[in-house]
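First the structure, in the form of structure tokens, and then the observations on it.
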Amino acid sequence: QQQQQQQQNDMMMVYNPGHQFQACSFTSTIRFKTVLQSSGFENSIYESFNEQRCPNIAAPISQISKCISSFKLDPSNVIQHLQSTIDILNNYYVFKSIAANPLKSYPLKTPFDFPIYNGIEQGQFDIISGLEELLQEVKDNNRATLDIFLRMNAMTAKLFDGHLLINNDISTGGMLVNRTLFVFSGEVLDGSAKGTMLRTEFPTANEEFVLIADIISKNKNNNEMVKTSKEIKKIDGKDPLEFFIEIASKPSGIVKYKSLGARVQGMIQLFTNPNSVDYNHHSITHVKLRENYPDTSKFFKDEYHILYEDGSSTVWKLVQDVPQAVSCDMTKTMIENTLLDKPGSMYQHLDSMKHAVMKSESIIQKLKKKIEEKKKKEENDNPPLLPAVERMPHHSSHKKRPSFIGFIRFGKSIGYKVYDDYAVLKIDSFSGWKKTGLLKAWAYLTQEAHDRDVTNLIIDVTDNGGGFVKLGYFLAQLLYPDATWEEISNPYDRLYSPSLEDDIGDIKSIVDDYYDLLHDNITLAEQITDTLNANRELLIKKMSSMLSLLEAMMDILSGKKYKIKPEEIIYLEGSIVSTIKLTKDIRQSIVAKPNFLSTEQFETLWRQLVATANEVFSFPFADLNFKSLFGMEIENTEVSERVEHFRGGTFDNYTSVFHLVDPFEFTSKQRFKEKYIHHPFQFDQYIILGSGSHCGSTTDTFRHTVQAYAYTKNGKNSAAVVPPVYTVSFGGTGEKLDAAVTQFPAGTSGEAGNVEELYLIALILRVLNTILPPLIGGASSLNSFDKFYNDLPNVCYYCNEAFKMPIYQIYSRLTGPSGIPMEYVNEIPDYYIRQWPRATTFGSDKDLPDLYKLTSRVFYDRETIE
């Protein structure tokens, strides 16, 4: 306790009247007693500064905004960055058109006749036009400041798209990195309290939203902590729920859901986290803000006035960290000249291509070792078969951890509880576990439910952030063992990109034709060699250019996103390294003699280049190799087929549909289930429970899949053919129409159409184009190589990594692509509970028993529930 107390005292903040640095000044600040260490984004810059001169300081959010907007950027670099962002979104962002005006889409068909998300409060915004206006503004004024990134982020935030992340890792000298939004109570700032925690009352008898402030202070007589609870009646003159609805209606970027109820619930969770009392900072709440967040001062005020039920009042103050370069007291000129206008590493890798190659032989040895280690790991990772349930007593030594309310746990994310008249399966995430974990939980759950004659099941997906889609489908298969893969699979498509479908269609065949033409054709090989040797100086430059291009390919594959490298990357790296070594050796022999390129050298080099090109073409690109990534298609169509849809008032080209469910894998899973689950048809009714907040796309895919399957089988029959599914939500605005149980925060996420990977194709084509003279196939064939390269969007100047965005969209199998994508369907719950529980996780679960009791009424008393 003494150590904890000392730590609290060490971290105490001091509320100052103001602080003036060389770059920015602030009228009021909060200074924490800890100081910023000189590790992080710009070590070399800060090593010369005494760390005591880099205090950890926070200032009002409006003044942080003013500070950031005072730093100048090179407008030419900003123009390139904006244009690149527009081009990338145009090429890959699948919702670019429908987001502009969802109701201007045809046909307006949705499953169950649900409404469509539309209007500015539900994510309607023309992102392309907005960015183009911003680009024109910079061009007209020939001026740009650091807040340009916050303005770009504000536009993407208007879409309420949780998977769209631009400017997520950009080179701005750390000026926009790791900012934190703090909310402090007046009691803490004036020293009368150590901390303030907010909580909602649950359950409430009158179904009204009640917000309680627990103010923690120190007893002067014995130094013990004392909690005083006060109900908050007004926040800036508004009822607390009205306050949360108001701030959730704004696109602050903190909670990104198209359903207003889910955003409100997310804001309530943010302010009332059961574990949110931070004795280090004493704040009500704090939110980490990275480069992809907009300017919070546009959506929040510096302070809010609070009125308690007893008539007393206080003030909440909102502050953010001062950028580290500013708190280290660097001058504005130094910050602008040394930190702000440096190009991002991705831009350097793909456009400048100036990075050296590691030693070839050592890389090859490392690659061989990694392949051996991977094979060995795969052998060790093969899980043993799950023992049959009857061979393993329920209270055996298998790994399970009871929760506070009696959950039987299977890992961190799965648990179940069987009550007298219903059971609960709670899944917090669809990642971090394998299908065997869920299979075990389902086997034990159905066995215990059978033993106790329980036939109703609540599937609790509250705050389930999603994960692997195939695990969501696997859970759907457990609920409905007789379902075929055609009956549960949902179709996907993506934008039809000419650079992918049109340009690349003939390229591989051209490369193969070149190889066949040159194979054993000594006369043609000699002719090409003579052409290259005609200008020895140009030949050497060509070889150097090839090396730069090949080195850029290695930079892409060696990037930080490939820390765990699949076998395909290892083999491709080995092929590129071998090509680099051969090219360097040949170039060196030409330079050293001086000598000319021999026919044998050209033939050897060409064979190696074609082999590397084929390795690149067979690489499992997320944008190209759909069949290996997504499994089989229901219809016998090619992914490259062009399909026109009317979205957002315009016609756009999309690919034909493909499916995530592989029928062969589905069959193996079915056999796996049949072997170990002895009561697959145990349950007669299902409820899916959630609040829509902190919900992932996999969670919504699961919920819609089982709901659509049950509807298809049962229709409107009173006698159910398969167990019916009911959806139940709670919290939010207090209105059922806003309270989606689950929803897509966005489509299936990708990294800017995987531009970095697509550049591998463009780069190897440039290599081939460099060495081949136009005498084979004419200039048109070589031009097709450069066309693919040029059709890819330019890399954004400040980017260290690719943007992340939805590049695929999902449709309900009830409508197919003739309907509206599910991301824009507002799936209203069947039933709504007007209560605001907060402790609903495995780690904090005190509200779950009452929530489950209220939810279970749907099994027996649907007529009296909304």
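The values are calculated or read from the model by the stated rules, or taken from the named source; none is laboratory data. Small disclaimer: the values here were computed from a predicted structure and weren't measured. Note that we place each Cβ from the backbone using ideal geometry, even for glycine, and neighbour counts take in every protein chain shown. These accessible areas exclude ligands, DNA and RNA; they are computed on the full protein's heavy atoms, side chains included. Shrake-Rupley method; radii C 1.70, N 1.55, O 1.52, S 1.80 Å.
Which of the residues belonging to segment 189-246 are under 22 Å from F32 (Cα atoms) and not in a loop (DSSP other than H, G, I, E, B)?
Result: L189, G195, T196, M197, I215, I216, S217, K218, M225.
Just to be sure I understand, how many residues within segment 217-246 are modelled with pLDDT under 95 and closer than 20 Å to I120 by Cβ?
Total meeting the criteria: 0.
Please determine, by comparing only the residues of segment 105-121 that are in contact with a helix residue (DSSP H, G or I) (Cβ under 8 Å, 6 or more places away or on another chain) and of a type in the set (A, V, I, L, M, F, W, C), which one is farthest from S249 (Cα to Cα).
Among those that are in contact with a helix residue (DSSP H, G or I) (Cβ under 8 Å, 6 or more places away or on another chain) and of a type in the set (A, V, I, L, M, F, W, C), it is F112.
Conditions tested, residue by residue: (1) modelled with pLDDT under 55; (2) closer than 24 Å to V138 by Cα.
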| position | (1), (2) |
| --- | --- |
| N43 | yes, no |
| N50 | yes, no |
| P60 | no, no |
| K66 | no, yes |
| Q80 | no, yes |
| T85 | no, yes |
| I88 | no, yes |
| F95 | no, no |
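Within segment 159-178, can one find any residue that is aromatic (F, W, Y), at pLDDT 90 or above and either under 29 Å from S70 (Cβ atoms) or open to solvent by 40 Å² or more (accessible area, probe 1.4 Å) (or both)? First the steps, then the outcome.
To start, the set of residues in segment 159-178 that are aromatic (F, W, Y) comprises 160.
Keeping just the survivors that are at pLDDT 90 or above gives 160.
If we keep only those that are either under 29 Å from S70 (Cβ atoms) or open to solvent by 40 Å² or more (accessible area, probe 1.4 Å) (or both) too, we end up with none.
No, because not a single residue in segment 159-178 is aromatic (F, W, Y), at pLDDT 90 or above and either under 29 Å from S70 (Cβ atoms) or open to solvent by 40 Å² or more (accessible area, probe 1.4 Å) (or both).
Tell me, which residue of segment 285-310 that is among the aliphatic types (A, V, I, L, M) and modelled with pLDDT of 90 or more is surrounded by the fewest Cβ atoms within 10 Å (Cβ to Cβ)?
First pass over segment 285-310, keeping only residues among the aliphatic types (A, V, I, L, M): 287, 289, 306-307.
Next cut, modelled with pLDDT of 90 or more only: 306-307.
Numbers: I306: 24, L307: 15.
The selected residue is L307.
Cβ contacts < 6 Å: first residue closer than 14 Å to T712 by Cα, restricted to segment 811-822; second residue at pLDDT 90 or above and in a loop (DSSP other than H, G, I, E, B), any location; separation 6+ or different chain. Result?
T815/K109
Is there any pair linking a residue in segment 551-575 that is modelled with pLDDT under 75 to one that is surrounded by fewer than 16 Cβ atoms within 10 Å (Cβ to Cβ) and outside any helix (DSSP H, G or I), with Cβ under 7 Å and at least six apart or on different chains, and which?
If the second residue must be surrounded by fewer than 16 Cβ atoms within 10 Å (Cβ to Cβ) and outside any helix (DSSP H, G or I), the pairs left are D555/H355; E568/P620.
Give the residue, chosen from D463, D482, that is closer than 22 Å to Y852 by Cβ and not in a helix (DSSP H, G or I). It would help to see each step written out before you state the result.
Numbers: D482 fails: closer than 22 Å to Y852 by Cβ.
Just one listed residue meets the conditions, D463.
Can you tell me which residue is modelled with the lowest pLDDT among those in segment 399-452 that are among the small types (G, A, S) and open to solvent by 30 Å² or more (accessible area, probe 1.4 Å)? It would help to see each step written out before you state the result.
We begin by selecting, within segment 399-452, every residue among the small types (G, A, S); these are 403, 406, 411, 413, 415, 423, 429, 431-432, 437, 441, 443, 449.
Restricting the remaining residues to those that are open to solvent by 30 Å² or more (accessible area, probe 1.4 Å) gives 411, 431-432.
On the way: G411: 83, S431: 82, G432: 75.
Residue satisfying both the conditions and the ranking: G432.
Identify the residue in segment 115-136 that is touching a residue at least 60 places away in the same chain (Cβ under 8 Å) and part of a helix (DSSP H, G or I) and, among all such residues, is most open to solvent (accessible area, probe 1.4 Å).
Restricting to residues being touching a residue at least 60 places away in the same chain (Cβ under 8 Å) and part of a helix (DSSP H, G or I), the top hit is E121.
Being without any contact (Cβ under 8 Å) to a residue 12 or more places away in the chain and either under 23 Å from W836 (Cα atoms) or of a type in the set (V, I, T) (or both) narrows it down to one of E246, E224, so name that one.
On the way: E224 fails: either under 23 Å from W836 (Cα atoms) or of a type in the set (V, I, T) (or both).
Going through E246, E224 in turn, just one is without any contact (Cβ under 8 Å) to a residue 12 or more places away in the chain and either under 23 Å from W836 (Cα atoms) or of a type in the set (V, I, T) (or both): E246.
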